[in-house]
Amino acid sequence: MPDSWEADVVLRDGHTVRMRSIRPDDAGLITRFHERQSPESIYFRFFSPRPRLSERELEHFTRVDHRDRVAFVALLDDELVGVARYERYEGTDTAEVAFFVDDRHHGRGLATVMLEYLAAAARENGITRFRATTLPNNRKMLKVFASAGYEVASQLDDGIIDLAFDLRPTDDVTAAVDRRERLAEAASVRRMLEPATVALIDAGAGGPRSTTDPGRRPVPIEDGCLVRLAERLRDGAFPGSVTLGGPAALDELPEGVDLVVVAGPAAALPEVLDRCADRAAGAVVVLSEADASQTEAILEVVRRRGLRLLGPGSLGVCNTDPAVALDALCVEARPLPGTIGVLSESGEVVSSVLDHARRVGLGISTLVSTAEPADLNVADLLSYWADDDRTRAVLLHLGSAPLPSRFVRAARAASRTRTVAALASTARVAGGRPSPEQRRDRAMLRQSGVIPVASLQELFAIGRLLADQPPPGGRGVAVVGASRAAVDLAVDACAAAGLDPVTGHVGPAPDSLAAAASEPTVRSVVVIDTTPGPLPPPDLVDAVLGFSRDHSELTVVISAVGSERPARLVDDATGVAVPLFTFPEHAGNALGRLATAREWRSTARVYGDETPSGLDVDATRALVERWRADGGPDQVLELDASRQEQLLAACGLRVADRREVRTVEQAVAAAEEIGWPVALKARRRDRRKRTALSGVALDVAGVDDLSATWARMEEALGPEGMQPVVVQRMVEQGLDVAVRIRRPDRIGTVEVGLGGPMAAFDPWELGVLPLALPDASMLVAASSVARALTDPLTRVPVVSLVHRLAALVDAVEEIHEVRADPVIVAGPVAWITDVRILIGSPRGELPVRHLG
């Protein structure tokens, strides 16, 4: 484990703390922390009165080896608010664990977070079991262990409770950690989108003005947007208190103001945010623009003081729930109430988004506007929307910033219960390929069940459909209309969108709709209207709305053929509404994408995040930890052939039979043992070429052939490029495939494509970790491998190999890279014939929850 872990973590109440490894210079912090605690808390921790800590105790507590003795501290505003530690029992894989949380911060989930950090550190250091000793009346600590997801054994002896639990990350433990993180993220957003108190602060003004106390003398507010926000909140019947003023107004607010909206000079914002933290503000929305250095200064205050921030460059937020009535948007249009959550990361575009939403009658539950997010981001918002009963679907207009590492986890959770669609920026050099970040973001969207769209029109089409109709229950679609040509046109559009047109019914609306409903595989109905005029005929409107009312299990849409019509048909008496599209292609594309999302949800429920059978995570971690001890703490090691085979065997994979040799005589003996013909591979070899001069010779058939090949290879490469030499059994002829899994930084990537000589001409398909089995299948299907292996059954060995290797790298953070190239697919077997594995210090994301 690194000696200097440091990360910011969201707590149960939505605020943050900074977690880091303890340091020798923390003695002063420990002393002040200890002196603040109640005698009861000290007794619970030390089992005796201890009003002061001795110099010897401070020395012991602050000097650890980060292996057998590990401690973390939690900091808020540079003061210690919690400390957790473990100490290993010498010669065992068991450690004693203890926590001490500041009396003022009980109930925030801090001890649970510290347990997660200690458990992650212990697992990396080979500790598999924690023990804890506590008093029976220390209910808070007992609750921490009970809620962590571990199976805890306890024993009461002489008034002391001894607890013990296995640290292996079971499904229950992983699910509990994931659930706590998402609830904490949602709590951060809830203070922003469901506030009871709002403060509008102009960083460049002074003095308070309360919109709920007209008698108070007003002060000059330089920022006109804040004045308009106050008016919008008042006119929108916001039920809570609203205060408008300069920074001094914060001093008069009650502690715990939920939402502070700030505008004004960017240079003044850090001081204002400090004052927000003094009043224990829940969330801060910054309207002002800020450059990179100013944003860094703002974020430093936010992290240090435990705030959550939206912005800089936000245009505000809104929540149309009548019980909340929050309209804090710096735009002209007001949102219609509805069931669609919206995030816009593109500043001024949000005004156009709202204007269009009103024109097409799209109702919004909550809307959030920001520029490139510095703190609160799309992952936090998805965690909120995943459990928001008023939000049926989420529309994301993403900016150019890379997706946060927490996106996949948050998006998968949200996509399991509701539709999420995203329009992501595709800006790149003209004529060039997508950047690595864009390829990675596309993979993150694909693997999280999010519907990717290419335009705002497609994004709104999905939102409009889901605002009025249920998502389609399958791909079967019926097209009805009075014109055979128009119906055929729509049938073709639906088929092109991936739907399964059951039939096209031509005739009067009531009859054709009844015929469509009688088809057992129909899940959606597209009605084509070719009548002239600005409105559909009344009899058609009545028929379509009545059909939708009587068949609520079906998704019903209506489409003109290029005519501008109202965006939706509405029955005011019953509330039934049917979206109307200008072209059949728009309706078909929306239905097709929603059917794909439904299939993803179904597959995700069946497979979950299961790991492949036979993957022994504990054994692989132990192997890697032992091998890392051979080098320095920051050294990257390339595994030799023997260690490669041991590691791969621990996850149920084998390399084609091979031997490492150093002389011609040893090579001949190895070939005799393995069986002729063999492949001869030098240490320095080019996998994309297969000649002796490039270090790879195939089909070496006998002693004389081997000796001659050895001589040519050694002459070309020299002794250093030659040794050690691999003699490997020739496997039967098949397709060369390459698989590469890396942890370059914050997110691990998985690449699949053609291997061997063809790798030079093949752009590999990219995925991200974690990679579930359906993700691995889709990744291989999207790659050039699928063009060679057209039958899905012939791809099974490749998918299994990709899934296992991805699970291995995902489970063991010290594995930096695995490259299997070539893997020869022959019939039902995928033979690994060459592999490169690098290990070192954990790279990229910490294996614990934290803010990126």
ask   = Is the range 200-211 home to any residue that is open to solvent by 30 Å² or more (accessible area, probe 1.4 Å), of a type in the set (Val, Ile, Thr) and either at pLDDT 95 or above or farther than 30 Å from residue 279 by Cβ (or both)?
value = no
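Residues are listed down the side, and each one gets a yes or a no for (1) touching a residue at least 40 places away in the same chain (Cβ under 8 Å); (2) aromatic (Phe, Trp, Tyr); (3) under 30 Å from residue 619 (Cα atoms):
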residue	(1), (2), (3)
757	yes, no, no
768	yes, no, yes
777	no, no, yes
785	yes, no, no
791	no, no, no
809	yes, no, yes
819	yes, no, yes
831	yes, yes, yes
key: Those residues of the range 512-560 which are over 13 Å from residue 502 (Cα atoms) and assigned to a strand (DSSP E or B), in sequence order   = 527, 528, 555, 556, 557, 558, 559
query = For residue 624, are the conditions met, namely being in contact with a Pro (Cβ under 9 Å, 6 or more places away or on another chain), crowded, with 18+ Cβ neighbours inside 10 Å and in contact (Cβ under 8 Å) with a residue 40 or more places away in the chain?
reply = no
inquiry  = Checking the condition closer than 18 Å to residue 467 by Cβ, small (Gly, Ala, Ser) and either open to solvent by 50 Å² or more (accessible area, probe 1.4 Å) or in contact with a helix residue (DSSP H, G or I) (Cβ under 8 Å, 6 or more places away or on another chain) (or both), which residue from 518, 548, 552 passes?
reply    = 552
note = If we ask which residues in the range 142-155 are surrounded by fewer than 19 Cβ atoms within 10 Å (Cβ to Cβ) and either within 17 Å of residue 414 (Cβ to Cβ) or in contact with a strand residue (DSSP E or B) (Cβ under 8 Å, 6 or more places away or on another chain) (or both), their number turns out to be 7
message = Please go through the range 689-711 and give me each residue that is in contact with a strand residue (DSSP E or B) (Cβ under 8 Å, 6 or more places away or on another chain), in a helix (DSSP H, G or I) and either modelled with pLDDT under 90 or open to solvent by 20 Å² or more (accessible area, probe 1.4 Å) (or both), ordered by number.
response = 692
request  = Mind listing just one residue for me: the one in the range 361-387 that is more than 17 Å from residue 10 (Cβ to Cβ) and open to solvent by 20 Å² or more (accessible area, probe 1.4 Å) and, of those, farthest from the chain's Cα centre (by Cα)?
outcome  = 361
key: Residue selected from the range 754-784 under the condition out of contact with any helix residue (DSSP H, G or I) (no Cβ under 6 Å at 6 or more places or on another chain) and closer than 17 Å to residue 797 by Cβ, by the criterion surrounded by the most Cβ atoms within 10 Å (Cβ to Cβ)   = 779
task = Name the one entry in 797, 822 that is part of a helix (DSSP H, G or I), touching a strand residue (DSSP E or B) at 6+ places or on another chain (Cβ under 9 Å) and either hydroxyl-bearing (Ser, Thr, Tyr) or open to solvent by less than 50 Å² (accessible area, probe 1.4 Å) (or both).
result = 797
remark   = Flagged in the range 162-182 as of a type outside the set (Ser, Thr, Tyr) and surrounded by fewer than 18 Cβ atoms within 10 Å (Cβ to Cβ), in numbering order, are 162, 164, 166, 168, 169, 171, 172, 175, 176, 178, 179
key: In the range 800-819, the residues that are touching a Gly at 6+ places or on another chain (Cβ under 8 Å), in a strand (DSSP E or B) and open to solvent by 20 Å² or more (accessible area, probe 1.4 Å)   = none
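Per-residue answers, yes or no, for (1) of a type outside the set (D, E, K, R); (2) surrounded by fewer than 20 Cβ atoms within 10 Å (Cβ to Cβ); (3) touching a helix residue (DSSP H, G or I) at 6+ places or on another chain (Cβ under 9 Å); (4) closer than 30 Å to residue 629 by Cα:
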| position | (1), (2), (3), (4) |
| --- | --- |
| 70 | yes, no, yes, yes |
| 82 | yes, no, yes, no |
| 98 | yes, yes, yes, yes |
| 128 | yes, yes, yes, yes |
ask   = Restricted to the range 826-838, and to residues that are open to solvent by 10 Å² or more (accessible area, probe 1.4 Å), part of a strand (DSSP E or B) and not charged (D, E, K, R), which residue is farthest from residue 635 (Cα to Cα)?
value = 829
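Taking only the range 294-334 into account, find how many residues are among the polar types (S, T, N, Q), out of contact with any helix residue (DSSP H, G or I) (no Cβ under 8 Å at 6 or more places or on another chain) and without any contact (Cβ under 8 Å) to a residue 60 or more places away in the chain.
Going through the range 294-334 one residue at a time, the tally reaches 2.
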Lone qualifier among 339, 320 - being out of contact with any Lys or Arg (no Cβ under 8 Å at 6 or more places or on another chain) and over 18 Å from residue 202 (Cα atoms) = 320
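The values are calculated or read from the model by the stated rules, or taken from the named source; none is laboratory data. Just so you know, these numbers come straight off a predicted model, no measurement behind them. Using ideal geometry, Cβ is built from the backbone for each residue, glycine included, and neighbour counts are taken over all protein chains shown. With ligands, DNA and RNA removed, areas are computed over all heavy atoms of the protein, side chains included. Shrake-Rupley method; radii C 1.70, N 1.55, O 1.52, S 1.80 Å.
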